[in-house]
1. Restricting to the range 164-194, name every residue that is near ligand 1 (Cβ under 9 Å from one of its atoms) and open to solvent by less than 60 Å² (accessible area, probe 1.4 Å).
2. If I ask for residues that are assigned to a loop (DSSP other than H, G, I, E, B) and in contact with an Asp or Glu (Cβ under 8 Å, 6 or more places away or on another chain), which ones from the range 33-71 would you list?
3. Restricting attention to the range 85-113, which residues are crowded, with 21+ Cβ neighbours inside 10 Å and of a type in the set (A, V, I, L, M, F, W, C)?
4. Residues in the range 114-149 that are assigned to a loop (DSSP other than H, G, I, E, B) and crowded, with 18+ Cβ neighbours inside 10 Å: how many?
5. Please tell me if residue 167 is within 13 Å of ligand 2 (Cβ to nearest atom) and over 16 Å from the mean Cα position of the chain (by Cα).
Amino acid sequence: MAHAVADHTVTDADLPFGVDIDLVTGAMAAPDRVLVRRASDMKGYYKDAAALDRLIAAGDPVHYEVFEKVIPETYGHLLFCISKLYPGRVGDECFMTKGHYHTVSGTAETYLCIAGTGYMMCKLSDGSCRAEPMRRNRMVYVPPHWGHRSINTGFDPLISFCVYPAEAGHNYGDIAVEGFPKRVFIRGGREVIE
Ligand code: PAN
Ligand code: ZN
């Protein structure tokens, strides 16, 4: 069904709908899209490139998955997803997402962590950096302009429910070039952020 309202066309995606999400396991019923990133998708992101190559050779494990419903990526809509980052180390560096700025830089995001432990590493293009702890039932707010990446310091999946403006878009290129000022390692059983 499509009908015109004011200055835009309303499609079925503009109809109210519900999604079942298990806030213990993070399972989303009938996601429209599942993004899967494996170790081999993470080349260039970790400090120890040789350790990543060994991990890829040893079976190329899944690093993280993102479960979403398709929503029009236009102003006024909200995108939401479940982000599930598996536990693991590349050398002694904790598994992490690629990280990105939003293409429409002035858009924020909320991450409600429902399981696991880690950090939301946030950075501005001027080099400012903040590591915001993530743990079950803690919500992390990423303000406009802050690049962001999840980092799993634990032994269970780090799972978050994320919501952000639908027009935001993802700018991976600048983060891939700049990197983040800080990384998170586990050394001798202790977290090291440097
Ligand atoms: C999240 C991320 C998700 C995967 O939904 O996209 O955690 O991380 P990368 O996009 O960095 O690979 C989000 O921040 N969306 O805007
Ligand atoms: Zn984002």
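The values are calculated or read from the model by the stated rules, or taken from the named source; none is laboratory data. Worth saying up front: this structure is predicted, and the values here are computed from it rather than measured. With ideal geometry, Cβ positions are generated from the backbone for all residues, glycine too; neighbour counts draw on all protein chains shown. SASA here: full protein model, heavy atoms, side chains in, ligands and nucleic acids out. Shrake-Rupley method; radii C 1.70, N 1.55, O 1.52, S 1.80 Å.
1. Here is the first cut: in the range 164-194, the ones near ligand 1 (Cβ under 9 Å from one of its atoms) are 164, 168-170, 172, 175.
Result: 164, 168, 169, 175.
2. Quick first cut of the range 33-71, residues assigned to a loop (DSSP other than H, G, I, E, B) only: 43-48, 58-61, 69-71.
The answer is 46, 47, 48, 69, 70.
3. 85, 90, 94, 95, 96, 113
4. Step one: list which residues in the range 114-149 are assigned to a loop (DSSP other than H, G, I, E, B), which gives 116, 124-128, 136-138, 143-146.
Still in the list and also crowded, with 18+ Cβ neighbours inside 10 Å: 116, 146.
Total satisfying the criteria: 2.
5. Numbers: within 13 Å of ligand 2 (Cβ to nearest atom): yes; over 16 Å from the mean Cα position of the chain (by Cα): yes.
It is true that residue 167 is within 13 Å of ligand 2 (Cβ to nearest atom) and over 16 Å from the mean Cα position of the chain (by Cα).
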